[in-house]
1. Select from region 49-70 the residues that are of a type outside the set (A, V, I, L, M), in contact with a helix residue (DSSP H, G or I) (Cβ under 8 Å, 6 or more places away or on another chain) and buried (at least 17 other Cβ atoms within 10 Å of the Cβ) and list them in ascending order.
2. Kindly provide the set of residues from region 140-177 that are within 30 Å of R106 (Cα to Cα) and charged (D, E, K, R), ordered by number.
3. Could you check R15 against (1) surrounded by fewer than 16 Cβ atoms within 10 Å (Cβ to Cβ); (2) more than 16 Å from A94 (Cβ to Cβ) and say which number it fails?
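We did not get these values from a lab; they are worked out from the coordinates using the rules stated. Owing to the predicted nature of the structure, the values given are computational and were not obtained by experimental measurement. With ideal geometry, Cβ positions are generated from the backbone for all residues, glycine too; neighbour counts draw on all protein chains shown.
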Amino acid sequence: MELVEAIRSRRSVGRVRQEPVAKELIERILESAVHAPNHKITEPWRFHVFTGKGRGELARARAETARLQAEAEGEDEELAAGRISRERKKAFRAPVVIAVISEAGRDEVESLENYAACAAAVQNMQLTAHALGLGVIWRTGPVAYHEHMRGFFGLETGDRIVAYLYIGYPDMGERPRRRKPVEEKTTWHEG
């Protein structure tokens, strides 16, 4: 697939089949990430890959985080049980889940630049998955930023979860992408 076409045709794919994805394809996706631009060659990305029964670890961590959130918000048992169940199921919405972590920098500027580099790595991963015929969606949400999840991933002060990428073979039709014309978002400064 030509690069420009891959960029234009890539879509978030929210529904994928549970068919396993070959480890070789996952490795190609990960390899594409480490070629993202990064300031001062900090290589700030770290990856946690969950497949097969390994997704159960993520499911348990998400469920416990949901329980802690419900408890902190004073939810009654029935509502809390629903929240916990929904969070647990999210780990199984795709045969592959990759958590992308950005390591903290030496200062605020480097930390910001590291996060931007990790976002570029995520885009590389999405484009590679798309070129390989896989569907992917980038998700985070409140659970991703909770202290329990930070502990689960062993994050240090300033480290951040950038993305959960859910990857599998698409189980939905093509959808047109809605984007405003670039002219509406561009200011030219010319001599």
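1. Residues satisfying the conditions are F50, R62, E64, T65, R67, Q69.
2. E147, R150, E156, D159, R160 - these are the residues of region 140-177 that are within 30 Å of R106 (Cα to Cα) and charged (D, E, K, R).
3. (2)
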